[in-house]
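Below is one structure, written out as structure tokens; the observations come after it.
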Amino acid sequence: MILCGHRGVASLAPENTLAGLEKAHQLGLEWVEIDVQLTKDEKVVVIHDEKVNRCTNGKGKVRKYDWEQLARLDAGGWFGAEFAGQHVPRLRDYLARARELGIRVNIELKIYDKDNPARLCRKVSKLIDKHGFDKAGLLFSSFEPDCLRYLQVLQPEIPRALLVEHIPDDWQTRLEQLDCAALHCNYRYLSREQAEAVKAAGYRLHCYTANHPDKVKDFPAWGVDMIFTDKPQDYQQASPAEG
Ligand code: G3P
Ligand code: MG
């Protein structure tokens, strides 16, 4: 079972920052997951919440900030003094560093109330082409089906995953309609039967966000392919060979 560093490595570095990507590299992770959205001037930035309040020293909605204003916020000091000076990265810079480090990136497209899925998808797609990022090193995911529909057209070669909390009864129809390669679900609600059905239908199955190895110890036997975790180091300690 592959370990994917959630929001970088959110237990060891401020989430969704370049410092987190460096931690992932230090731990030898193959994959990280990040969240992206658009600034007011339509730059794609790596940040989870609709507002900057929790993870920076600023206030207000990401979409109200121009990139230059956002870049001036401190996105590391809240986590620890040694991370002061980290800022909210642009996706292009994050992917450039990931490419240097040889880390694959699951880009989760975040859509809040007034966001326009088509605009975000077009911008993400464009920067991937412009900078020539290796499509084999990327995976898209979203709770918003429209994002997956747009990305299917814009970047058909990059695999897509539907994000859900609970696996819905019609999961297979949804995955077929969106031509997804994977289903991403909350580990808490996954049953063995569901896992085996998803795997038998030929999809990859990735579960978020499991921070206690004990709680997912049966998942490899159920066929789960990847776990998102803030604490990959705990898994590596429990079973170094599986890192
Ligand atoms: O992509 C998996 C997981 O990150 C989804 O939830 O809220 O942490 O982005 P969230
Ligand atoms: Mg996420």
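Read phi for every residue in the range 123-132 and hand back ³J(HN,Hα) as whole Hz from Karplus 6.51 cos²θ - 1.76 cosθ + 1.60, θ = phi - 60°, with x for Gly and Pro.
In residue order, the calculated couplings are 5, 4, 4, 4, 6, 5, 5, 4, 9, x Hz.
Using θ = phi - 60° and the Karplus relation 6.51 cos²θ - 1.76 cosθ + 1.60, list the HN-Hα couplings for the range 210-227 in order, rounded to whole Hz, with x at every Gly or Pro.
Using θ = phi - 60°, the values come out as 9, 9, 10, x, 4, 6, 10, 5, 8, 4, x, 5, 7, x, 4, 8, 8, 10 Hz.
With N residues in the chain, what two-decimal value do you get for its Cα radius of gyration over 2.2 N^0.38 Å?
0.97
Can you work out the Karplus-derived ³J(HN,Hα) for every residue in the range 14-24? Use 6.51 cos²θ - 1.76 cosθ + 1.60 with θ = phi - 60°, whole Hz, and x for glycine or proline.
So the J values, rounded to whole Hz, are x, 4, 6, 10, 5, 4, x, 5, 5, 4, 4.
Please report, in whole Å³, the volume per residue of the convex hull around the C-alpha atoms of the range 26-111.
So the per-residue hull volume is 94 Å³.
Reachable aspartates and glutamates from K64, Cα under 20 Å, same-chain residues fewer than 8 places away excluded?
Excluding near neighbours in sequence, the set is D35, D41, E42, D49, E50, D74, D113, D115.
Computed from the coordinates by the stated procedures, all read-outs in this text should not be read as laboratory data. Computed from a prediction, not measured in an experiment: that's the story for all the values here.
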